[in-house]
Protein chains: 2
Amino acid sequence: MKSVVPVTTTEIKTACSQCNLRELCLPFGLDPREVDQLDELVGARRKIKRQQHLYRSGDGFEAIYAIRAGSFKTDVILEDGRDQVTGFQMTGEVLGLDGISTEHHSCNAIALEDSEVCVIPFSRLEELSRQVESLQHQFHKIMSREIVRDHGVMMLLGSMRAEERLAAFLLNMSQRFTARGFSPSEFHLRMTRDEIGSYLGLKLETVSRAFSRFQEEGLVAVQQKHIRILDTPGLKRLLNHHAA
Amino acid sequence: MKSVVPVTTTEIKTACSQCNLRELCLPFGLDPREVDQLDELVGARRKIKRQQHLYRSGDGFEAIYAIRAGSFKTDVILEDGRDQVTGFQMTGEVLGLDGISTEHHSCNAIALEDSEVCVIPFSRLEELSRQVESLQHQFHKIMSREIVRDHGVMMLLGSMRAEERLAAFLLNMSQRFTARGFSPSEFHLRMTRDEIGSYLGLKLETVSRAFSRFQEEGLVAVQQKHIRILDTPGLKRLLNHHAA
DNA sequence: GGAGCCCTTTGATCCACATCAATACTATTC
DNA sequence: GAATAGTATTGATGTGGATCAAAGGGCTCC
């Protein structure tokens, strides 16, 4: 749509108040005036190219990041080189919360595709959330949600077999795509089999075999990174009826 | 000890300002006047007998809990009965953060021994932390620390072998006992082999065998739940030099 | 302080996933 | 549009920890 309105319009268009992710993100539950206050705080945006780091383990912590476009993975690396993907993040989700505790980041955040984040200086966020109760509460909910999510991953890693883990992963992805207005049953994974494996505590070959098995059983149609879920109840059954 | 002093004295003795756990807990970093404000907020204390629940998954969320005495485990239970211990908590640590996100708890908290917690009504904590910057910041650090800890557990569950997991667990316990003024090398575990196994994603037999192996190799002296660490560097070596 | 029960240890066997290996597919890059 | 590197699939074999089993030890609770 061509427009003769001044440049400021473009800026407003990328502000929280105009962002279509605001129900998933930090502005959730804020009234319009409060969202405007948040807008002032969210200054810079930062573009991150595929495979580049948003931050690295050990980096000083000054800001958290809301994903505006694209997606990321976070991972932890041990001295001996072993690494573990701790999460995949999509638009509207917040990155960097790990840095609050020590003033330094404790994991790496890497873009899975060309992405863009909103930089939210943390001390200013704390300042504003002392004034805006709804912002404070939403921020606490976001942190708590991360803790609950992590517990789910622990359950997955500690008690589930390979196919259950992959089923849980696919259902989780489906649910998150749905929340963003995409198809629940058809989507494109941005991460490799190796990265999925690292997240699920499996080797990439095991992930690949599980995908093949799901395909044989008519649960999903897999074409590389393109996934079509054919039998959601079937996947859910895999999770609940533990056939051990 | 019989006493003729008024009841209030006893109450003050158990207040944050008088609590020897205050450097580990919520009052950390607060000046004396601010700690007094926190004292007013922390009203009730609650005694929990061994094996009893502090809260259950599904319970409504109204408060977080600081452990004054004793210890707890938290676990998540799946519909099919499988469960996973997500953490062990000691004095000065905070329980219940999982409840913020949905207003309902998403895990169970169970006392490993007769214990006592300080009940911190959450809405009042949010209110006070809007006024007291240092309290706000300390609370955020505590939540962030939980997230970082969870990432460590994911690394453990996803990438380590049985003996590495147990070594990491023992070193972590040692460090936490040390922070509480106890011996770094000699302590009493409050949880069973089964609970350790659940936390580490292992069966109790595997935990038992790993303990026996550590004993044979002179790394620790194990007598049921009483542990004496004989070779801390040896345990650390087990972690870093991944002999796969 | 004794009975009963839960917890722990240890051994034998099994199996799910890792590892090793080769091939095929896809996407980039020039 | 051919060359190349990264990614994915599939097969054969190995192994760490699970499972099954049995006995011993130490708490807890009357």
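Which pairs turn up if I take residues in region A:166-187 that are more than 23 Å from A:THR86 (Cα to Cα) and look for partners that are assigned to a loop (DSSP other than H, G, I, E, B) and not polar (S, T, N, Q) with beta carbon separation below 9 Å, at least 6 apart in sequence or on another chain?
A:SER185/A:LEU230
Considering only region A:137-162, state which residues are under 15 Å from the mean Cα position of the chain (by Cα), more than 21 Å from B:LYS141 (Cβ to Cβ) and either touching a residue at least 60 places away in the same chain (Cβ under 8 Å) or more than 8 Å from chain B (Cβ to nearest Cβ) (or both).
Listed by number, the list holds a single entry, A:VAL153.
Look at A:SER129 and say whether it is surrounded by 22 or more Cβ atoms within 10 Å (Cβ to Cβ) and not in a strand (DSSP E or B).
Yes; evaluated as a whole, the condition is true for this residue.
So, A:ARG180, is that one more than 9 Å from every other protein chain (Cβ to nearest Cβ) and among the basic types (Lys, Arg) or not?
Taking the combined requirement at face value, the residue satisfies it.
Does any residue in region B:53-66 that is outside the structural domain of B:ARG124 (by TED's automatic domain parsing) come within less than 6 Å, Cβ to Cβ, of a residue that is open to solvent by 60 Å² or more (accessible area, probe 1.4 Å) six or more places away or on a different chain, and which pairs are these?
Between residues of region B:53-66 that are outside the structural domain of B:ARG124 (by TED's automatic domain parsing) and residues that are open to solvent by 60 Å² or more (accessible area, probe 1.4 Å), there is no close pair.
In this structure, does B:ASP114 turn out to be of a type in the set (D, E, K, R), within 16 Å of DNA strand C (Cβ to nearest atom) and either surrounded by 20 or more Cβ atoms within 10 Å (Cβ to Cβ) or not assigned by TED's automatic domain parsing to the domain that holds B:ARG209 (or both)?
yes
Among the residues of region A:149-185, which ones are among the hydroxyl-bearing types (Ser, Thr, Tyr) and open to solvent by 50 Å² or more (accessible area, probe 1.4 Å)?
A:THR178
So if I check each of B:SER101, B:SER134, which one is more than 7 Å from chain A (Cβ to nearest Cβ) and either more than 20 Å from the chain's Cα centre (by Cα) or open to solvent by 10 Å² or more (accessible area, probe 1.4 Å) (or both)?
Being more than 7 Å from chain A (Cβ to nearest Cβ) and either more than 20 Å from the chain's Cα centre (by Cα) or open to solvent by 10 Å² or more (accessible area, probe 1.4 Å) (or both) holds for just one of B:SER101, B:SER134, which is B:SER134.
So which residues in region B:15-33 are of a type in the set (A, V, I, L, M, F, W, C), more than 15 Å from the chain's Cα centre (by Cα) and in a loop (DSSP other than H, G, I, E, B)?
Scanning region B:15-33 gives B:ALA15, B:CYS19, B:PHE28, B:LEU30.
Name the residue that is surrounded by the most Cβ atoms within 10 Å (Cβ to Cβ), counting only residues in region B:72-98 that are within 12 Å of chain A (Cβ to nearest Cβ) and in a loop (DSSP other than H, G, I, E, B).
Checked region B:72-98; the qualifying residue surrounded by the most Cβ atoms within 10 Å (Cβ to Cβ) is B:GLY96.
The values are calculated or read from the model by the stated rules, or taken from the named source; none is laboratory data. Values in this document were obtained by computation on a predicted structure and should not be read as measured data. Methodologically, a virtual Cβ is constructed for each residue, glycine included, from the backbone with ideal geometry; neighbour enumeration extends over all protein chains shown. Ligands, DNA and RNA are excluded from the accessible area calculation, which covers all protein heavy atoms including side chains. Shrake-Rupley method; radii C 1.70, N 1.55, O 1.52, S 1.80 Å.
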